[in-house]
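Participant: One structure coming up, written as structure tokens, with questions to follow.
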Amino acid sequence: MSEVQFKGKKAQEASYQMTTLTTEDKNEALALVAEQIVADKDVILEENKKDIQDGRQKGLTEAVLDRIFLDKARIEGMAEGMGQVIDLKDPIGETLETIEKENGLYIERKRVPIGVVGMIYEARPNVTIDAAALTLKTGNAVILRGSSSAKYSNIALMKSVHKALEKSSVPVGAVQLIEDTSRETAKELFRLNEYLDVLIPRGGKNLIDTVVRESTVPVIETGAGNCHIFIDESAKKSMTEEIVLNAKLQRPSVCNAIETLLIHPAWFEKNGVNLLNLLKENQVEIYGDEAVCEAFPEAKAATEEDWATEYLGLTISVKLVDHVTAAVAHINQYGTRHSEAIITEDDKNAQIFQNGVDAAAVYHNASTRFTDGFEFGYGAEIGISTQKLHARGPMGLPALTSSKFFINGNGQIRK
């Protein structure tokens, strides 16, 4: 039996054992994990340094290194996220529907755990803890497979998780890490139907496309974020500048940072060059269409590829569009169904944009950086779903549940 199969079997066994756990049992385990990762922070940070050093030697970009990097504040943030998950209502056992039949049958549909969740993800070691927190709270077991770029950090975090679970009612097998980061183990996970109930990829477009294409396990597609802001003619100058700079600069390496600006020509004529200068002063490289390059010679000519690119760094593409419907059409052609925004004082245009754009989160006069489980009040997130079935947007606790019918009778038979 391979490592993947062995851990799959252990996870499935753990998921069955977890059906007897109470909310208090699960919360106690989460509290122990939060305490343990803070207690072990020095060890975790030393292992994280190895990943950063290896990453620099391999020539990883600063954007990727930022995703891998841990410090005391980020570890404490993971623990804080666990604390928020503890405070959240446990969805398991919630009654979704009741049916009382004339023959006396009483039917309830309740939330139940999905079972065994597989996670395959790139770079970010915080996903290890976020995934553990949300799956444990919902009574699921999880098999994690991180990337080689965060291998040492993930192993250190998993040791802390297991130390904590050994002191709890939750079986240690409820959280498993596949330490072998080869492509072969990934492919094996794609086809682990015997043990996995769902597989969630979290990373760049190439990873997600590969999992969707090759997996025989049901997939929830997450992550890729070619996000846009459309600046309408009526947008307020100062508010627009604040939102755009925040959405691009606050953390450029994440999936809810913007990659493309779409600007109404009338607004651009009055304010566009000033906005582009603000971006340039913050070291943002600008690619523009013909009109943008003519008005702002420092911009480089954008290609068709630029409109579809998730830069994950200090680069942005800029295009002039004549109307809100043109902005919607561009986003629906090139976007990744993640997070999109319009800045406008025209409520009708805002409504056209928010109804017409095909994305999980659509903003009016606010930064796209809020698309996040923590910001939405979920405590943490298993990912941001960009598909429409089962879950969409930041996935908190309810997204990690299924439902089951509970039927109670007193001797009824069907005639």
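Participant: Tilt of helix 237-249 relative to the longest C-alpha principal axis of the chain, in degrees (0 to 90, nearest 10)?
Facilitator: Once rounded, the angle reads 50 degrees.
Participant: Would you mind classifying segment 108-159 by shape? Square roots of the alpha carbon gyration tensor eigenvalues, ordered a ≥ b ≥ c; an a/c under 1.5 is rounded, otherwise it is prolate if a/b is larger than b/c and oblate if not.
Facilitator: Since a/c reaches 1.5 and a/b is larger than b/c, the shape of segment 108-159 is classed as prolate.
Participant: In addition: Once you sort the root eigenvalues of the Cα gyration tensor of segment 263-302 as a ≥ b ≥ c, which label holds: rounded (a/c under 1.5), prolate (a/b larger than b/c) or oblate (the other case)?
Facilitator: oblate
Participant: Go ahead and set up a Gaussian network model of the chain, Cα springs under 10 Å, then flag whichever of ASN355, ASN103, ASN27 fluctuates most.
Facilitator: Evaluated over the chain, the most mobile residue of the options is ASN103.
Participant: In addition: For the chain, modelled as a GNM with alpha-carbon contacts under 10 angstrom, which of GLY59, GLY204, GLY383 fluctuates the most?
Facilitator: GLY59
Participant: Using a 1.4 Å probe and ignoring any ligands, DNA or RNA, find the accessible area of LEU30 and quote it in Å² to the nearest 10.
Facilitator: We get 0 Å² for LEU30.
Participant: For a Förster distance of 35 Å, can you work out the FRET efficiency between the beta-carbons of ILE413 and ALA31, rounded to the nearest 0.05?
Facilitator: After rounding to 0.05, the efficiency reads 0.15.
Participant: Compute the angle between helix 347-356 and the longest alpha-carbon principal axis of the chain, please, reported from 0 to 90 degrees and rounded to the nearest 10.
Facilitator: The helix 347-356 is inclined about 50 degrees to the chain.
Participant: With every protein chain kept in place and ligands, DNA and RNA left out, what is the accessible area per residue of the chain? Probe 1.4 Å, answer in Å².
Facilitator: Heavy-atom SASA per residue in the chain reads 45 Å².
Participant: Consider all pairwise Cα distances in the chain and report the whole-number % of them above 32 Å.
Facilitator: Cα-Cα pairs of the chain separated by over 32 Å account for 42 percent.
Participant: All other residues with a Cβ under 12 Å from the Cβ of SER317 taken together, and with Lys, Arg as +1 and Asp, Glu as -1, what is their net charge?
Facilitator: Charge balance near SER317 sits at -4.
Participant: Would you please classify the overall shape of segment 52-199 from the alpha carbon gyration tensor, given that a ≥ b ≥ c denote the square roots of the eigenvalues, rounded means a/c under 1.5, and beyond that prolate means a/b larger than b/c while oblate covers the rest?
Facilitator: Since a/c reaches 1.5 and a/b is larger than b/c, the shape of segment 52-199 is classed as prolate.
Participant: Could you tell me the distance between the Cα centroids of segment 243-264 and segment 99-162, to the nearest Å?
Facilitator: Taking the Cα centre of segment 99-162 as reference, the centre of segment 243-264 is 30 Å away.
Participant: Report the dimensions of segment 277-409 along its three principal axes from the alpha-carbon atoms, largest first, rounded to Å.
Facilitator: Taking the Cα atoms of segment 277-409, the three principal extents are 76, 32, 27 Å.
Participant: What residue among ASP54, ASP232, ASP347 has the largest mean-square fluctuation in a Gaussian network model of the chain, using Cα springs under 10 Å?
Facilitator: ASP347
Participant: Each label point is 7 Å from the Cα along the Cα-to-Cβ direction; what then is the distance between the points at GLU269 and THR19, in nm?
Facilitator: That separation, rounded to one decimal, is 6.8 nm.
Participant: Right, here's the next one. Counting only other residues whose beta carbon sits under 12 Å from that of ASN349, what net charge do I get with K and R as +1, D and E as -1?
Facilitator: Net charge around ASN349: -4.
Participant: Once you place label points 7 Å from the Cα toward the Cβ at GLU184 and THR216, how far apart are they in nm?
Facilitator: 1.9
Participant: What Kirkwood hydrodynamic radius do you get for segment 1-126 when you take the inverse of the mean 1/r over all pairs of distinct Cα atoms, in Å?
Facilitator: Taking the inverse mean of 1/r over all distinct Cα pairs, segment 1-126 comes out at 18.3 Å.
Participant: How far is it, in nm, from the label point at ALA295 to the one at PHE6 when both lie 7 Å from their Cα along the line to the Cβ?
Facilitator: Here the answer is 6.2 nm between the modelled labels.
Participant: Within the set of other residues whose C-beta is less than 12 Å from the C-beta of LEU136, count the net charge using Lys and Arg as +1 and Asp and Glu as -1.
Facilitator: Net of charged neighbours comes to -2.
Participant: Something else: Below 8 Å between Cα atoms, with a sequence gap of 6+, how large is the relative contact order for the chain in percent?
Facilitator: Computed over the chain, the figure is 19 percent.
Participant: Do any GluC sites (Glu not before Pro) in segment 74-104 lie in a DSSP loop with no more than 12 other beta carbon atoms within 10 Å, and if so, which?
Facilitator: GLU102
Participant: Taking loop as defined by DSSP and a crowding limit of 14 other beta carbons within 10 Å, which chymotrypsin sites (Phe, Trp or Tyr not before Pro) in segment 186-246 fit?
Facilitator: Taking segment 186-246 and a limit of 14 other Cβ atoms within 10 Å, no loop chymotrypsin sites (Phe, Trp or Tyr not before Pro) are found.
Participant: Then there's this: Using a 1.4 Å probe on the protein heavy atoms, what percent of the accessible area of segment 194-333 belongs to carbon and sulfur?
Facilitator: About 48 percent, which is the carbon plus sulfur part of the accessible surface.
Participant: Still on this structure, I have one more. How would ILE99, ILE413 line up by accessible area, probe 1.4 Å, largest first?
Facilitator: Largest to smallest exposure gives the sequence ILE413, ILE99.
Participant: Could I ask something else about it? Output the 0 to 90 degree angle, nearest 10, between the alpha-carbon long axis of helix 205-214 and the longest principal axis computed from the alpha carbons of the chain.
Facilitator: 40
Participant: Please compute the length gained on full extension between GLN250 and ARG109, using 0.36 nm multiplied by the number of residues separating them and subtracting their Cα-Cα distance.
Facilitator: 46.5 nm is the gain from fully extending GLN250 to ARG109.
The values are calculated or read from the model by the stated rules, or taken from the named source; none is laboratory data. Predicted model, so just to flag it, every value in this text is computed and none were measured. Note: ideal-geometry Cβ built from the backbone for every residue, glycine included; neighbour counts use all protein chains shown. Heads up: the accessible areas ignore ligands, DNA and RNA and are worked out on the full protein's heavy atoms, side chains in. Shrake-Rupley method; radii C 1.70, N 1.55, O 1.52, S 1.80 Å.
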